Structures are given as structure tokens and as C-alpha cells.
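Structure first, then comments.
The values are calculated or read from the model by the stated rules, or taken from the named source; none is laboratory data. Keep in mind that this is a model prediction, so the values were computed, not measured. When we count neighbours, we look across all protein chains shown, and the Cβ atoms used for this are built from the backbone with ideal geometry, even at glycine.
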């Protein structure tokens, strides 16, 4: 049976940002002429590769990916991500991870579900779930270079607007995205039940997140943040949830 996988959208080259950790900046099409960047993380463990928030690559860059190691696993951390997951399952027969209800893209089925504190795709890592969110959202803490936090939509770091079209940049800015580390405003609105205060509803999750020991961060959008990620995340959480008590 022929499957019409989504074609690769414009993307950059694979970049190494830490020992055994690589990043590709891809593109997400929101509407005609409205494009924002999206990131794929690549974790290398020996000869095996884990793809985090997969982005389909053009043929030559996919060949470079294969030169790094064997593509063995893929993980979806955000509910609205996943358009390229089926391609990687069929192309590389990856072992696929997602949360139990992260089925905006229902295929491929999960080989194993992510669960808070449960089995992590990387040995020595930890799975974190935003347990109060209406939409599934997870993060991975990996024991790389003092602690690497991989997120999707909830917490992002932006140093510029590379990978975004002009319209995409202004859509992000109008939604509340700015340069620097931030709790994503649009995600907060989607994650909160109607008639609830989104800051109060989600505060406890972000306070738990800050208990994790990380120095670096890559979100599903934005840029890689090296060395100061925890410090900047503390400021972002304080700014978003200032003077609000956690939900009980």
C-alpha cells in the first residue's frame, strides 16, 4: 500500500551542540506563507540514535543522519507534533514512544507509552509529564553534559527568528512569544480548561520541572540554550506565575 507521507519542508543541516547530541532546525507550516521553525533532537548512545520530535529530512541530510548511527528509536513529546513520525517508523522500523493520549496524529501506534517517572528511552534519563495539562505534553531529562532537558511546546528558548517566515514571526509575536526563555503563552491557553486561570492551573507542573537538574535545553521550537537553561527557566517561570499559588 502506498502511503503519501508529508514531504520534507525546508530545514537546516545537522549540527552537533553537545557530545552525542545533535539538532536539526526544520519548519512547520501553520497556514499559507505562515511558517515557524521546529526542532528535532538527535541523541546518540553508542551506535544507536534516538530522534526527539522527529522532522523528516531531505535525502542528502537523511544520509548524513545515517552516518551518525543507526536510527533505532523516536519519541513524540507534544500533542500537536508528530506529522513525520509514521515516515520514520516505516523507513527505519523505529521503536516509537509517546504519551497515552498523544494521538492528534494517531499513527504510528506507540510501542511504549511515556509516563512520569517511568522508563526513559535513554539509560539514566527521566520522563517528566505536565500532569495538569489538558493536552499531553512531556519532557525528557537526559544525563548529558550536566543535564539536558528536551521539551516540546511548553518551555521554549528563542534567540532570534531563524526558520520563520515574516508572517510566522509576527504570528508568534502576536501570540506572546518573545526572545529569551519563556513559558509559551499559546500552549498555556490550550493546556488549560475553559474558565480556568491558565497560570494558576499550570504553576505546580512548572515548579516540579524546576526541580530537575539541567543546564541545557532544546524545545520543539526556538533555539538550543546552552549552559544557562535552568537559570533562565527559573526566571521565565517566576515571570509567568508570579504571585500565583500552585493549584491544589
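Would you tally the residues in the stretch 101-147 being surrounded by 14 or more Cβ atoms within 10 Å (Cβ to Cβ), under 16 Å from residue 73 (Cα atoms) and without any contact (Cβ under 8 Å) to a residue 40 or more places away in the chain? Residues in the stretch 101-147 being surrounded by 14 or more Cβ atoms within 10 Å (Cβ to Cβ), under 16 Å from residue 73 (Cα atoms) and without any contact (Cβ under 8 Å) to a residue 40 or more places away in the chain: 8 in total.
When the stretch 193-203 is limited to residues that are in a helix (DSSP H, G or I) and over 19 Å from the mean Cα position of the chain (by Cα), the one that is surrounded by the most Cβ atoms within 10 Å (Cβ to Cβ) turns out to be 203.
Under the condition of being in a loop (DSSP other than H, G, I, E, B) and out of contact with any strand residue (DSSP E or B) (no Cβ under 6 Å at 6 or more places or on another chain), the residues counted in the stretch 101-132 number 15.
The residue list 190, 235 contains one member that is in contact with a strand residue (DSSP E or B) (Cβ under 9 Å, 6 or more places away or on another chain), surrounded by fewer than 18 Cβ atoms within 10 Å (Cβ to Cβ) and not in a loop (DSSP other than H, G, I, E, B), which is 235.
With a cut-off of at least 2 residues that are modelled with pLDDT under 95 and surrounded by fewer than 17 Cβ atoms within 10 Å (Cβ to Cβ), name the strands (runs of 3 or more DSSP E) lying wholly within the stretch 1-100. Give the steps one after another, and end with the answer.
Numbers: elements: 15-18, 21-31, 34-45, 48-52, 70-75, 95-98.
Fully inside the stretch 1-100 and qualifying: 21-31.
For every residue, the table says whether it meets (1) within 17 Å of the chain's Cα centre (by Cα); (2) at pLDDT 95 or above; (3) assigned to a helix (DSSP H, G or I).
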| position | (1), (2), (3) |
| --- | --- |
| 152 | yes, yes, no |
| 156 | yes, yes, no |
| 167 | no, yes, yes |
| 170 | no, yes, yes |
| 176 | no, no, no |
